[in-house]
Amino acid sequence: MNWALEQRQLKPAPWRVLVMLADRHNKDTLRVDPEQALLAHDCNMSRSTVNRHLEALEASALLVRVPRVNPQTQKQMPTFYVLAIDFDGPPEIEFAVSDYKTRIAQVQTGNEDAARVPNSDTGAVSQKQQIPCPKNRKFRVSNSDTNPVREPGIEPCAAAHDFDFEVFFGRFADLHPRLGKADETAELLRLAIEAGIDPEDILWGARCYAIEQKGNAARYIAYSENWVRDRRWESHPRNAGATATERDIQVARAKAIRECQPWVISRISAVSARELIALGLVTEEECEAAGIRV
């Protein structure tokens, strides 16, 4: 963070992108791989704007972007960012689609005498070495471990480094019965978790929703992004240590119908209601009273 904060030759917008990446930097693993949607949210910018600044930062030898692809699913993974402070000892990056260490070497040699950021506010060209690395002691500020100065108002979230969002999202995608726009779903899930929602509550809700919608036509099942946006996991409170069963969901739905809870009209189909009637959990009159035509 100290290294990033000292890059004052940058214009405010790319400087903020660099600072936000540095805030996500894990000093032990050197991991920096926030999803682009999350980075855009952190910077309060659109993705296209963030991409333009990332290109400028890479051209200025302040970072190297490493695209990755999951070899099993062939889906693109979040980009890994190697910051210039780690160029002399870059981390091992799984599933990189290209030789990123060669790219780092090219950046180190190719941009050594170049202006660090084109078109800066002052137009000045830095006369310092292009790659600020602690190993050769030519970096502009001391190592962040020994100089814990931070930008006011920006506090890193340790949990963000410990929590593996990719694993969580994979579990969610396996549970939810109708995955829609993956990027939008991931962004909304990330925001919910950052707001303090327990990821296990979300997974529990997705599991319960899948059981609830079993047998329903796809048109009655909410797309994942809409399900998350509407916070529909709240319809299925999680009991610690419990395991959801189809019977549990049926009993919970019947109770909601009897209580005429307002959400049942849009979330319990006539097919599901008839199933509950056949099981003797509710009556046709109770369903109609709740607004469900059977």
Residues of segment 11-29 satisfying the condition of being open to solvent by less than 10 Å² (accessible area, probe 1.4 Å) and β-branched (V, I, T): V17, V19
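Which of the following residues is under 23 Å from A186 (Cβ atoms), open to solvent by 50 Å² or more (accessible area, probe 1.4 Å) and under 16 Å from the mean Cα position of the chain (by Cα): R68, R47?
Step by step, each of R68, R47 is checked, and only R47 is under 23 Å from A186 (Cβ atoms), open to solvent by 50 Å² or more (accessible area, probe 1.4 Å) and under 16 Å from the mean Cα position of the chain (by Cα).
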For residues that are closer than 18 Å to V50 by Cα and of a type in the set (V, I, T), scanning just segment 71-101, find the one that is surrounded by the fewest Cβ atoms within 10 Å (Cβ to Cβ). T79
Does segment 133-149 contain any residue that is in contact with a helix residue (DSSP H, G or I) (Cβ under 9 Å, 6 or more places away or on another chain) and either among the acidic types (D, E) or modelled with pLDDT of 85 or more (or both)? no
Please state which of the following conditions R24 fails to meet, knowing it meets all the rest: (1) over 20 Å from V167 (Cα atoms); (2) charged (D, E, K, R); (3) within 19 Å of the chain's Cα centre (by Cα); (4) modelled with pLDDT of 90 or more. (1)
Taking the stated definitions as given, is V32 open to solvent by less than 30 Å² (accessible area, probe 1.4 Å), β-branched (V, I, T) and in a loop (DSSP other than H, G, I, E, B)? yes
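Return a yes/no flag: does segment 223-246 have any residue that is assigned to a helix (DSSP H, G or I), at pLDDT below 80 and touching a helix residue (DSSP H, G or I) at 6+ places or on another chain (Cβ under 7 Å).
Within segment 223-246, one or more residues are assigned to a helix (DSSP H, G or I), at pLDDT below 80 and touching a helix residue (DSSP H, G or I) at 6+ places or on another chain (Cβ under 7 Å).
Out of the residues in segment 248-277 that are of a type in the set (D, E, K, R) and either in a loop (DSSP other than H, G, I, E, B) or closer than 17 Å to E234 by Cβ (or both), which is modelled with the lowest pLDDT?
By that ranking, first place goes to R267.
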Take the residues in segment 80-115 that are over 14 Å from S60 (Cα atoms) and of a type in the set (V, I, T); name whichever of them is modelled with the highest pLDDT. I93
Counted residues, segment 49-76 - those being free of Cβ contacts under 8 Å to residues at least 24 places away in the same chain and in a helix (DSSP H, G or I): 3
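A quick yes/no check of all residues on (1) basic (K, R); (2) open to solvent by 30 Å² or more (accessible area, probe 1.4 Å); (3) closer than 25 Å to L38 by Cβ; (4) free of Cβ contacts under 8 Å to residues at least 60 places away in the same chain:
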position: G196; (1), (2), (3), (4): no, yes, yes, yes
position: E200; (1), (2), (3), (4): no, yes, yes, yes
position: N216; (1), (2), (3), (4): no, no, no, yes
position: I249; (1), (2), (3), (4): no, no, no, yes
position: A252; (1), (2), (3), (4): no, yes, no, yes
position: I268; (1), (2), (3), (4): no, no, no, yes
position: E285; (1), (2), (3), (4): no, yes, no, yes
position: E288; (1), (2), (3), (4): no, yes, no, yes
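The values are calculated or read from the model by the stated rules, or taken from the named source; none is laboratory data. For clarity, every value in this text was computed on a predicted model and none was experimentally measured. In this analysis, Cβ positions are derived from the backbone assuming ideal geometry, glycine residues included, and neighbour counts consider all displayed protein chains. Surface accessibility is based on the protein's heavy atoms, side chains included, excluding ligands, DNA and RNA. Shrake-Rupley method; radii C 1.70, N 1.55, O 1.52, S 1.80 Å.
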